[in-house]
Amino acid sequence: MSTQKRGADLKGKVIVITSGKGGVGKTTTTASLGAAIASLGKTVAVVDMDIGLRNLDVVMGLENRIVYNVVDLALGRCQVKQAAIRDRRIKGLYLIPASQSDNKNSLNTDDMARVTKKLKQEFDYILIDCPAGIEQGFENSVTGADEAVVVCTPEVSAVRDADRIIGLLYARSITPKLIVNRIVPQMVINGDMLSHKDVEDVLSIELIGLVEMDDRVIAATNTGSYITNDKTSKAGQAYTRIAQRMLGDKTIPIKEPDYDQKGIWSKIGSKLGLKK
Amino acid sequence: MKNGFFGKFFGKTKESSRDIAKKRLQFALIYDKLEVSDEILEALQKDIVDVISKYFEIDKNSLKLDIKRQDDLSALELNTPILSAKRKSK
């Protein structure tokens with residue numbers, strides 16, 4: 001966080017991470033992308049907008065350092081410097097936690113517009129962790145957002161909700177980009193899971209990244225560490241690539257999961273020309 | 001594998017749950033978007049009445065507007081008795 005006054009110079013970009021449905025990995029995605037973007041040398045504020053049900057702090061391992069929160073900041077009870085918790089492990093990464101005692105109606109869109117404006121003066125990137133649902137919490141989270149990332153898992157319920165959210169974002173003139181999370185390639189091969197292509201077909205929005213199901217994400221969350229620091233984790237690598245693309249590096253390709261790891265019978269079958 | 005290798009032998013191709021999921025989603029999303037609130041329907045009815053009234057004498061109270069849905073199509077249905085055509089005024 002820079003201490004010098006920048007006046008009305010808004011340098012930051014606000015990106016809301018949303019999904020509609022809960023439990024698809026929004027918070028993990030926000031934490032991982034925040035860590036990855038900061039590791040690439042940018043200043044990042046991640047903001048937990050799930051007021052009353054905060055979790056980004058525990059996912060990031062910063063739960064013991066909360067003094068002020070986003071409601072305090074929005075209502076002018078503290079300064080950005082006081083509300084932003086500096087992550088000592090990654091330079092440039094800050095968390096603005098949600099309040100645990102208020103509820104989602106404690107803030108309105110005007111309050112949030114003021115918060116994002118303040119944050120844009122201090123940080124290069126502001127990632128908003130949107131709560132599940134389409135109520136006030138969603139409205140507040142998308143206020144002031146320049147871009148949106150929709151997180152979706154390959155399940156019918158998540159895809160349907162993502163479609164609804166995409167419609168609401170378009171109505172606010174925001175063109176969202178898609179992350180398909182928790183892909184299990186073997187299940188796709190077996191015909192038991194939608195592929196990322198299926199999800200992309202149904203939602204027809206631009207893809208920005210694919211994240212495979214990775215047990216180590218749960219292990220990282222257990223300890224409050226970042227999956228992007230686990231250099232051998234597929235999910236960690238995927239988030240780092242997404243961060244690079246978000247910073248505008250178009251040369252980073254979207255790595256598709258390996259859907260061709262065929263079983264032995266299938267291989268013999270194709271050798272004999274039995275496979276279609 | 002079952003569908004590919006053994007399927008060829010036994011001549012049965014069972015649709016995978018993945019394919020079913022995709023089809024169900026595509027239909028669900030279309031239907032979700034066709035859901036029209038009563039408010040919108042009322043406003044639409046008023047506009048339609050206004051337009052028709054320019055050309056026909058109609059009984060505004062017996063006009064009925066409905067959205068009918070069948071398997072994979074939905075239609076806007078409008079029923080109104082026409083009392084008389086309006087004469088063109090130059």
If a residue has to be closer than 21 Å to residue A:156 by Cβ, of a type in the set (A, V, I, L, M) and open to solvent by 80 Å² or more (accessible area, probe 1.4 Å) to count, how many in segment A:183-223 make the cut? 1
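Out of segment B:1-18, which residues are at pLDDT 75 or above and facing another protein chain (nearest Cβ under 7 Å)? Break it down stepwise before answering.
Filtering segment B:1-18 for residues at pLDDT 75 or above gives B:14-18.
Of everything in segment B:1-18, those that are at pLDDT 75 or above and facing another protein chain (nearest Cβ under 7 Å) turn out to be B:16, B:17, B:18.
Kindly indicate which of A:154, A:176, A:131 is at the interface with another protein chain (Cβ under 10 Å from one of its Cβ atoms), buried (at least 21 other Cβ atoms within 10 Å of the Cβ) and under 18 Å from the mean Cα position of the chain (by Cα).
Numbers: A:176 fails: at the interface with another protein chain (Cβ under 10 Å from one of its Cβ atoms); A:131 fails: at the interface with another protein chain (Cβ under 10 Å from one of its Cβ atoms).
A:154 is the lone residue from the list that is at the interface with another protein chain (Cβ under 10 Å from one of its Cβ atoms), buried (at least 21 other Cβ atoms within 10 Å of the Cβ) and under 18 Å from the mean Cα position of the chain (by Cα).
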Restricting the search to segment A:66-109, which residues are open to solvent by 60 Å² or more (accessible area, probe 1.4 Å) and assigned to a loop (DSSP other than H, G, I, E, B)? A:67, A:68, A:75, A:77, A:79, A:88, A:89, A:91, A:100, A:101, A:103, A:108
Of all residues in segment A:29-60 being over 22 Å from residue A:233 (Cβ atoms) and part of a loop (DSSP other than H, G, I, E, B), which is most open to solvent (accessible area, probe 1.4 Å)? A:53
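Go through segment B:41-67 residue by residue and tally those that are open to solvent by less than 100 Å² (accessible area, probe 1.4 Å) and either more than 23 Å from residue A:164 (Cα to Cα) or without any contact (Cβ under 8 Å) to a residue 12 or more places away in the chain (or both).
Going through segment B:41-67, the residues open to solvent by less than 100 Å² (accessible area, probe 1.4 Å) turn out to be B:41, B:43-45, B:47-53, B:56-59, B:62-63, B:65-67.
From what's left, either more than 23 Å from residue A:164 (Cα to Cα) or without any contact (Cβ under 8 Å) to a residue 12 or more places away in the chain (or both): B:43-45, B:47-53, B:56-59, B:62-63, B:65-66.
Looking only at that region, the number is 18.
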Give just the number: which of (1) in contact with a helix residue (DSSP H, G or I) (Cβ under 7 Å, 6 or more places away or on another chain); (2) part of a loop (DSSP other than H, G, I, E, B) does residue A:145 not satisfy? (1)
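The values are calculated or read from the model by the stated rules, or taken from the named source; none is laboratory data. This is a predicted model, so every value here is computed, not measured. Virtual Cβ from ideal backbone geometry, glycine too; neighbours counted across all protein chains shown. All accessible areas refer to the heavy atoms of the entire protein, side chains included, with ligands and DNA or RNA removed. Shrake-Rupley method; radii C 1.70, N 1.55, O 1.52, S 1.80 Å.
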